[in-house]
Structures are given as structure tokens and as C-alpha cells.
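Quick notes on the structure that follows.
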Amino acid sequence: MQIPTLYEDEEIIVCHKPPGLPVQTKSFVQQDMESLLKNYRTEQGQPPYIGVVHRLDQPVEGLIVFAKTSEAAADLSRQMAAKLTAKYYYAMVQGVPKKKKDLLEDYLLRDGKSNVSAVVSKSTPGAKLARLSYEVQEANNGYAILRVCLMTGRHHQIRVQLSHAGFPLVGDKKYNFQENMLPSGKNLALCACKIAFRHPKTHKKLDFEIDNPYTLA
């Protein structure tokens, strides 16, 4: 499998992750982004180092950046931790938000055994603040396409917050209960469409964006 690449230099690789392909996996029989890129570097006669500095859920498609050196990985990880990066997503949801633009703030708690997160009260032990904003791009027949700005990086954050707000993602079998009763047959409709950060060596601002892959009938 070839990974679509938007940009590559001696420090980083920016890729378009296909839906269904994990960024990393412990499985010996399933491919992942990390191993595919290591193989690609080996084929190019390069050291097979790949630094994973952020992730996308396995069913999510879109833009992701990897480091090609440990120094680049450390710098990008620092930027991620300090919230110096920008991340935007397109989401197709079931239900139309009443507000064209809004900021959602919730506290989330992750259940490691079931691998799901839930909105809980602020006082819940282990709860973490989750914040995102959205803008409705179009709406039709009870569905909408949102452009989401992710401000924190919590487990399943966009999926959990949008579901809790009353407009779950199309194709989301974990947080959209109607997908279990009346499955749409569609992939999880969430795409990481834009990422912006500083180059780990030159510190020049880099901005990558792909088009919205979703349409409403």
C-alpha cells in the first residue's frame, strides 16, 4: 500500500491517512502507518526511523505529520503539548445544530476497558477538559457538514462531544446509537482536513489542507 504524501523533506513527512488504517498497531498481521513509512524509508535507502507525534483514530482519515529524526519528533511533540499547532476537521453529522457557529466545552472521562469516553461532571475524578468549536458548512434533510477546530486532544473527543450535543457522526457505531439500529453502511464521517505547525528545524510556519470529502444528497 502506498501512502499519499503531501510534503516530505529531511525532517518530516506529511501524509493523508486512509480511513481504516491504524497509525500504530501491535498486531503482526495488520499494516499500520508507522510500519509502511519505515518500509518506504528503507526502500529509499534512508534510516527507517519514524517518529509518531500525534494520532488519528483508526476509522478517521486525513492529514497527519510524522518526524524523520528524533530531534524533529521532540520539537513537534513540544508544539503539540504546548498547543502551538492548529487542527481542523470536516464532520458529517446526523442532526442539524441550532447554532451555525458554537464552542463546545465538556469534561470527558475515558474508560480504558471499553475504549470509550463519556461526558461527565467537572468534579468527576480523572475528568479532562475538552474544547472545540464548529461552523456549519451546509445542511440538508436532517444532516449537516461541520468544520471543526480542535482545541484539545482528548480520546475520541470530536465523536463524543458532537454526539453529546445532539448531532452524532454518520457511521459512528460507538457514539451514534442509530447506527446500531439502522446502520448507514458508511465509514465514520470524520476527516482531518487541515494541520498547521512550525517546521521543527527552520521554524517556518507550515500549513497543509485538503478538500472536504463529504457531500449531502
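The values are calculated or read from the model by the stated rules, or taken from the named source; none is laboratory data. On a predicted model such as this, the values are computed, not experimentally measured, just so you know. A quick note on method: Cβ atoms are made from the backbone with ideal geometry, for glycine too, and the neighbour counts reach across all protein chains shown. Each accessible area value is taken on the protein alone, full model and side chains, heavy atoms only, with ligands, DNA and RNA left out. Shrake-Rupley method; radii C 1.70, N 1.55, O 1.52, S 1.80 Å.
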Where does each of R154, R55, R41 land when they are ordered by accessible area, with a 1.4 Å probe and the largest first?
R55, R154, R41
Neighbourhood net charge (13 Å Cβ-Cβ; Lys/Arg +1, Asp/Glu -1) for N115
+3
Once R0 is set to 25 Å, what does the formula 1/(1 + (r/R0)^6) return for the Cβ-Cβ distance between Q178 and V116, expressed as a FRET efficiency to the nearest 0.05?
0.90
With r as the distance between the Cβ atoms of Q30 and D207 and R0 = 25 Å, compute the FRET efficiency 1/(1 + (r/R0)^6) and round to 0.05.
0.20
Relative to the present Cα-Cα distance, how much length would full extension add between R131 and K101 at 0.36 nm per residue of separation?
9.4 nm
Write down the accessible area per residue of the range 61-156 in Å², having rolled a 1.4 Å probe over the full set of protein chains.
52 Å²
Considering the dipole of the range 106-192 built from charges on the beta carbon (Lys and Arg +1, Asp and Glu -1) around the Cα centre, which of T124, A139, L162 is farthest to its positive end?
T124
So, taking all protein chains as they sit and a 1.4 Å probe, how much accessible area belongs to Y40, in Å² rounded to tens?
70 Å²
Would you kindly find the accessible area of H164, with a 1.4 Å probe and non-protein molecules such as ligands, DNA and RNA excluded, rounding to the nearest 10 Å²?
110 Å²
Checking the table K38/K113; K100/K174; K113/K186; K113/K173 against a 20 Å threshold on Cα-Cα, which pairs fail?
K38/K113; K100/K174; K113/K186
Global geometry of the range 1-98, whether rounded, prolate or oblate, following the gyration tensor of its Cα atoms and the 1.5 cut on a/c:
oblate
If you build a Gaussian network model of the chain, linking Cα atoms that sit under 10 Å apart, which residue out of D57, D111, D75 swings the most?
D111
How much accessible surface area, in Å² rounded to 10, belongs to the heavy atoms of E209 with a 1.4 Å probe?
90 Å²
For the chain, take the convex hull of the Cα atoms, compute a quarter of its surface area, and give me that in nm², please.
13.3 nm²
Any chance you could give the angle, 0 to 90 degrees and rounded to 10, that helix 33-43 forms with the longest Cα principal axis of the chain?
20 degrees
In the structure shown, of K99/K205; K68/K201; K87/K128, the pairs separated by more than 21 angstrom at the C-alpha atoms are K99/K205
Cβ-placed point charges (K, R +1; D, E -1), dipole of the chain about Cα centre in debye, nearest 20:
700 debye
Judged on accessible area alone, 1.4 Å probe, highest first, H203, H54, H155 line up as H203, H155, H54
CD proxy at 222 nm, helix term only [per DSSP H run n ≥ 4: -39500 (n - 2.57); per residue of the chain; nearest 500]
-4500 deg cm²/dmol
Select from A74, A82, A196 the residue whose mean-square fluctuation is largest in a Gaussian network model of the chain (Cα-Cα springs shorter than 10 Å).
A82
Each residue of the range 14-27 in turn: what ³J(HN,Hα) in whole Hz from Karplus with 6.51, -1.76, 1.60 and θ = phi - 60°, glycine and Pro shown as x?
10, 10, 9, 6, x, x, x, 9, x, 6, 9, 8, 8, 5
Return the carbon/sulfur percentage of the accessible area of the range 74-217, one whole number, probe 1.4 Å, all protein chains in place.
51 percent
